Amino acid sequence: MDKLVKLRYWWFALSLIIIIPGLISLGVFGLRLGIDFSGGALWDLQFAERTPGQLDTERIRAIFAAQGFEGALVQLTESQIDGRTVASAVVRTPSLSESDPETQRQQVLSALSAEYGQVNQQALQTVGATVSAESTRSAVIAVAAACVVILIYLTLAFRRAPHPVRYGVCAILAMIHDVLLVLGIASILGIAIGLEVDALFLSALLTVISFSVHDTIVVFDRIRENLINRRPTETFDDIVNHSIVQTLPRSVNTQLTTFFTLVALLLFGGESIRNLVLILLIGLISGTYSSIFNAAQLLVVWENREWKNWFRRNAPPGAEAPHAAG
């Protein structure tokens, strides 16, 4: 445990190994946008006379295409009616006609009923292009505003520590690490399991930011306390390493309680919140890792000004230690 800081570049490398594939997927395929951001209609349908396994996604897609909804995306699920398990489907399509949406809706339901028997429309959500553009803009503004507020707050909170701005900047860099990781994995999961980015995803992303910053502040606060009570022989690297070791059990134990709750929700919480819980779970793990193995380590890199002689952790022989003032 006395080498956590000495191995900092290994921790950085591990982060890159995890993030880079996601960024490649993000650049090539992007995110699978839900109707909150892309616009369109979301049909939640229940097939009262069919059991799971009796539906054909291609046939349902063809029925929607015949009614003017080309390129419909069909996801099969299941639901309960009077104790029976029946087939359900969530279908995403282009928006309904502005002039006569009710006729279009009835035509689709009639065509589906002719093929599969009784079809119940559980919900129909429609979002226009204007609303989706506003949602996208609001998402960007929300994340940017969170970054600014966090920077100001941490700079003020650590104003009695040497170089207080560093704490805010390093916390934001660790937070950006978590955001990029979540976005990258969301892009990969969009291809693998059809995970969509919607309003709940934005809520999860903002919650991930709070996970990340919360744990980072705990580590930074212990570093500040140990700097105040430092011994003359202690280097900044030693103080950061000691602070991480002191806070590690607390960080892990605290996050484990949330981890177990999220796992239970993921397994038993139902389809409607599964994507939300999955993103929260990924963000929780990433936030715990980044606060210990990225944010605190970045403080050491900054204190030692290692970018001047990258990947060399020790000052040249005879040089004055750059962290003598703490």
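Here are some notes:
- Answer residue from segment 186-220, given it is touching a Phe, Trp or Tyr at 6+ places or on another chain (Cβ under 8 Å) and open to solvent by less than 50 Å² (accessible area, probe 1.4 Å) and is farthest from A146 (Cα to Cα) among those: G190
- Residue within segment 286-302 that is more than 23 Å from L14 (Cβ to Cβ), in contact with a helix residue (DSSP H, G or I) (Cβ under 7 Å, 6 or more places away or on another chain) and either without any contact (Cβ under 8 Å) to a residue 24 or more places away in the chain or surrounded by fewer than 22 Cβ atoms within 10 Å (Cβ to Cβ) (or both) present: no
- Tally, over segment 11-38, of residues that are of a type in the set (A, V, I, L, M, F, W, C) and either in contact with a Phe, Trp or Tyr (Cβ under 9 Å, 6 or more places away or on another chain) or surrounded by 14 or more Cβ atoms within 10 Å (Cβ to Cβ) (or both): 11
- Flag if A65 is of a type in the set (A, V, I, L, M, F, W, C) and open to solvent by 80 Å² or more (accessible area, probe 1.4 Å): no
- Pairs where the first residue, in segment 109-134, is within 17 Å of T93 (Cα to Cα) and the second is modelled with pLDDT under 90 and of a type in the set (F, W, Y), C-beta under 8 Å, 6+ apart: S132/F37
- Filter pass, R84 being of a type outside the set (V, I, T), in contact with a strand residue (DSSP E or B) (Cβ under 9 Å, 6 or more places away or on another chain) and open to solvent by 40 Å² or more (accessible area, probe 1.4 Å): no
- The residues of segment 39-56 that are open to solvent by 20 Å² or more (accessible area, probe 1.4 Å), within 18 Å of T93 (Cα to Cα) and either part of a strand (DSSP E or B) or touching an Asp or Glu at 6+ places or on another chain (Cβ under 8 Å) (or both), listed by number, are L42, D44.
- Residue among R274, R231, R224 that is outside any helix (DSSP H, G or I), open to solvent by 50 Å² or more (accessible area, probe 1.4 Å) and either touching a helix residue (DSSP H, G or I) at 6+ places or on another chain (Cβ under 6 Å) or among the basic types (K, R) (or both): R231
- When restricted to residues that are part of a helix (DSSP H, G or I), open to solvent by 80 Å² or more (accessible area, probe 1.4 Å) and farther than 24 Å from F201 by Cβ, segment 124-176 contains 3.
The values are calculated or read from the model by the stated rules, or taken from the named source; none is laboratory data. Model, not experiment: these values are computed from the prediction. Neighbour counts run over all protein chains shown; Cβ positions are idealised from the backbone, glycine included. For the accessible areas, the whole protein counts, side chains as well, though only heavy atoms, and no ligand, DNA or RNA atoms are used. Shrake-Rupley method; radii C 1.70, N 1.55, O 1.52, S 1.80 Å.
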